[in-house]
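Q: One structure follows; several queries about it will come next.
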Amino acid sequence: MIRYLTAVVIAVSLLAAGSQAATPSASQWQADYGKALSATRKDDRPLLIVLDVPNDPQSAVEAKRLQADGQQAKLLGAYQLCHVDVSTEYGKRVAQAFRAKKFPFTAIIDKTGSTVLYKKLGQLSNEEWQATLAKYQKGLPTYHTSFYRGDANTSVNSPGYCPSCQRKAQLRAQQAH
């Protein structure tokens, strides 16, 4: 899984390597995933990426989610921001790299640019958007404790990508469709 994510990150970075636009400030949305990923690594901030079709109300993220004002300005300021229009050829390649087939699609990548911490298909409620931004703003994986083979005296701390958690997440995603 980690190898796949690393390959996706590298592939998309190479696709975007030719663009020469300036890196945006903290609260500006970048349209170039490769540049945003590079800035994430340089600035030591997580990357918030939104993939959508801006001209289609069903496939577009709500405009208020992209505006940096009020409490949201503080939350968005913790991230490198990337908003990609998937109706373009470039956007289609980025969506393919994330295996996103329905939109809007939101993902958060850790501050090293190597691990996808969060991904969500579809619109997010205001509460879910705010909670997600707050939860991942440090750009670190969340850890959970699980007991090793049922032994209550031995526990293992691991990132949220244990096989059992992945199977549960896949089942939830399938049920959501």
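Q: State whether the residues of segment 89-99 include one that is closer than 23 Å to Asp43 by Cβ, modelled with pLDDT of 95 or more and hydrophobic (A, V, I, L, M, F, W, C).
A: yes
Q: Taking segment 70-79 as the region of interest, how many residues are surrounded by 16 or more Cβ atoms within 10 Å (Cβ to Cβ) and either aromatic (Phe, Trp, Tyr) or more than 18 Å from the chain's Cα centre (by Cα) (or both)?
A: Total satisfying the criteria: 1.
Q: Something else now. Looking at this structure, is Thr132 crowded, with 17+ Cβ neighbours inside 10 Å, modelled with pLDDT under 95 and not assigned by TED's automatic domain parsing to the domain that holds Arg172?
A: yes
Q: Moving on to the next point. Consider segment 36-56. How many of its residues are polar (S, T, N, Q) and either part of a helix (DSSP H, G or I) or surrounded by 20 or more Cβ atoms within 10 Å (Cβ to Cβ) (or both)?
A: Within segment 36-56, residues that are polar (S, T, N, Q) and either part of a helix (DSSP H, G or I) or surrounded by 20 or more Cβ atoms within 10 Å (Cβ to Cβ) (or both) number 2.
Q: Could you check Leu47 against (1) modelled with pLDDT of 95 or more; (2) over 19 Å from Leu117 (Cβ atoms) and say which number it fails?
A: (2)
Q: Please go through segment 59-69 and pick out each residue that is surrounded by fewer than 21 Cβ atoms within 10 Å (Cβ to Cβ) and modelled with pLDDT of 90 or more.
A: Ser59, Ala60
Q: Further question on the same structure: Would a scan of segment 80-97 turn up a residue that is out of contact with any Cys (no Cβ under 7 Å at 6 or more places or on another chain), buried (at least 18 other Cβ atoms within 10 Å of the Cβ), part of a loop (DSSP other than H, G, I, E, B) and small (Gly, Ala, Ser)?
A: Looking through segment 80-97, none of the residues is out of contact with any Cys (no Cβ under 7 Å at 6 or more places or on another chain), buried (at least 18 other Cβ atoms within 10 Å of the Cβ), part of a loop (DSSP other than H, G, I, E, B) and small (Gly, Ala, Ser).
Q: Output the residue which, of all residues in segment 57-79 that are among the charged types (D, E, K, R) and in a loop (DSSP other than H, G, I, E, B), is farthest from Lys120 (Cα to Cα).
A: Within segment 57-79, the match that is farthest from Lys120 (Cα to Cα) is Asp69.
The values are calculated or read from the model by the stated rules, or taken from the named source; none is laboratory data. Please read these numbers as outputs of a predicted model, since none were measured by experiment. Reconstructed Cβ throughout: ideal geometry from the backbone, glycine too, with neighbour counts over all protein chains shown.
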